Amino acid sequence: MKFKFLALAAIYALSASVVMADKKATDTTPAEDLKVYRDYFQKRFPGIPLDEYANGAYALDAVARDNWLAIEEFPPYEPMIEAGEALWNTSFANGKNFASCFSGDPAQRQNFPYWDAKRKMVVTMELAINECLESNGEKPMGYNKGKIADLAAYMAYQSRGQKTNVEIPDDADAMKAYNAGKSYYFTRRGQLNFSCAHCHMESAGQHIRSELLSPALGHTTGWPVYRAKWGELGTLHRRFGGCNEQVRAKKLKPQSEEYRDLEFFLTHMSNGIEYNGPSARK
Amino acid sequence: MRNTAKLATTALTLAALFAGTSMLPGVAGADDASITKGKEVAYDRKKGNCLACHMMGDGASPGDIGPPLVAMQARFPDRAKLRAQIWDPMVNNPGTRMPAFGKYQALSDSEIDAIVDYLYTL
């Protein structure tokens, strides 16, 4: 029964060739990175079309995929999209609303994250949502779950079908942020001493206990995610925190500079893949 | 000479075949308490959590990131080598995905010794 393990030897050989991990972050350009990263997965999982990667682990396992498709027929996140729509339409105390900050259009997913050259920082959609509230004299929302996830779910839903297209400007500060995100991705951390890439590149398609590890490609398309284990929606940065804790590393604050830079890098790596949030996960 | 080599190979093959069925002679020096403790520590999610990556013994729903841990005594006749693999697998393979349980103090020395005792029964 367990003879399939022998075939893993081939994968171990391949893992030695995670080219990106072996170089200094500044050795390659974003365009070169994107090619290496995408080729890595397409060679590893031949026949899986690029857009399939938007579906996480379900792109790799037919049985899990069927169960998931059944769940998506009656999506558990539907009420949250409605709650988010209500938030979108609610007026602030000053009479304005979210539409005033987002040029009247909730379909904003493809515009984030972006490099704000003036402030020299990465701006994510969640950050922009809270900045909208604060600039209108309203209280910001918590970043991991709840109302912000509801609103993001509505905005993502309205944006379905937009393609990921995060530009990394040829600007020293923007490159610094991108390279910081990239280094974060390939750096070992925590008592278990794993990098993100150890689980989501080298071990993608393998099981950690009974959990099928999703490929890093497409990791940023489906957010926010309704996770059965959470019993609610969560944001991408909540997931980053959870993955940090799995290796017994300290999780960082959602929307910290490190996580925003990480999102900048990671989303760029999924350029060309359609946004399909919100989504459901085990 | 040739016969000895052949015998050794046969022994190894037999050891591999019978591993896990406790048909091998007992592990010299390891007492049952240590073996039991080693199994507990290896299976405990907050300790070794070896099942996250390895098929081993009767552990339920093991992962498949690492190779199955079978015929350990035959494959690792040098106990120190097996222990070193758990203490710091990066020595063997700098790119390894296996955590360095000893070096990063995820497990104590005595816990690792107990795990080795348990592994030798597999």
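Structure summary
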quantity: Overall form of the range B:37-122 per C-alpha gyration tensor (a/c, 1.5; a/b vs b/c); calculated: rounded
quantity: Residues whose placed amide H lies under 5 Å from that of A:Q206, excluding near-sequence neighbours; calculated: A:L213
quantity: Shielding by other protein chains, B:65-71, mean Cβ within 10 Å; calculated: 4
quantity: Peptide-level mean, for A:95-107, of C-beta atoms on other protein chains within 10 Å; calculated: 0
quantity: Residue (of A:Q110, A:A83, A:L133) at the positive-pole extreme of the range A:51-153, dipole from beta-carbon charges; calculated: A:L133
quantity: DSSP bridge pairs, the protein assembly as shown: antiparallel proportion in percent, nearest 5; calculated: 70 percent
quantity: Tensor-based shape of the protein assembly as shown (alpha-carbon gyration tensor, a/c under 1.5 rounded, otherwise prolate or oblate); calculated: prolate
quantity: Charge dipole (debye, nearest 20) of the protein assembly as shown; +1 at Cβ of Lys and Arg, -1 at Cβ of Asp and Glu; calculated: 1040 debye
quantity: A:E258 versus A:I48: modelled label distance in nm, points set 7 Å from Cα along the beta carbon direction; calculated: 2.8 nm
quantity: Using alpha-carbon coordinates, inclination of helix A:125-135 to the longest axis of chain A, degrees; calculated: 20 degrees
quantity: Shape call, the range A:193-282: gyration tensor on alpha carbons, a/c limit 1.5; calculated: rounded
quantity: Mean ellipticity per residue at 222 nm, deg cm²/dmol - from DSSP H runs of n ≥ 4 across chain A, formula -39500 (n - 2.57); calculated: -12500 deg cm²/dmol
quantity: Simple label model, 7 Å out from Cα along Cβ direction - A:E245 to B:M90, nm; calculated: 2.5 nm
quantity: Isolated Cys residues of the protein assembly as shown, judged by Cβ distance under 4.7 Å to other cysteines; calculated: A:C196, A:C199, A:C243, B:C50, B:C53
quantity: Exercise: per-residue mean of other protein chain Cβ atoms within 10 Å, B:93-100; calculated: 6
quantity: Cβ-Cβ FRET estimate between A:F92 and A:K118, R0 fixed at 22 Å, reported to 0.05; calculated: 0.35
quantity: Residues whose placed amide H lies under 5 Å from that of A:R189, excluding near-sequence neighbours; calculated: A:F194, A:S195
quantity: Hits among aspartates and glutamates - C-alpha to C-alpha of A:K120 under 19 Å, sequence gap 8 or more where chains match; calculated: A:E131, A:E167, A:D170, A:D171, A:D173, A:E257, A:E258, A:D261, A:E263
quantity: Whole-angstrom gap from the range A:46-74 to the range A:128-191, using each part's C-alpha centre; calculated: 24 Å
quantity: Amide H contacts under 5 Å for A:R281, placed H, 5+ residues apart; calculated: A:Y226, A:R227, A:A228
quantity: Local electrostatic count at A:P75 - Lys and Arg +1, Asp and Glu -1, tallied over other residues with Cβ under 15 Å; calculated: -3
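Rule-based calculations on the coordinates, nothing more; no lab input. Just so it is clear, the structure is predicted and the values come from calculations on it, not from any experiment. Reconstructed Cβ throughout: ideal geometry from the backbone, glycine too, with neighbour counts over all protein chains shown.
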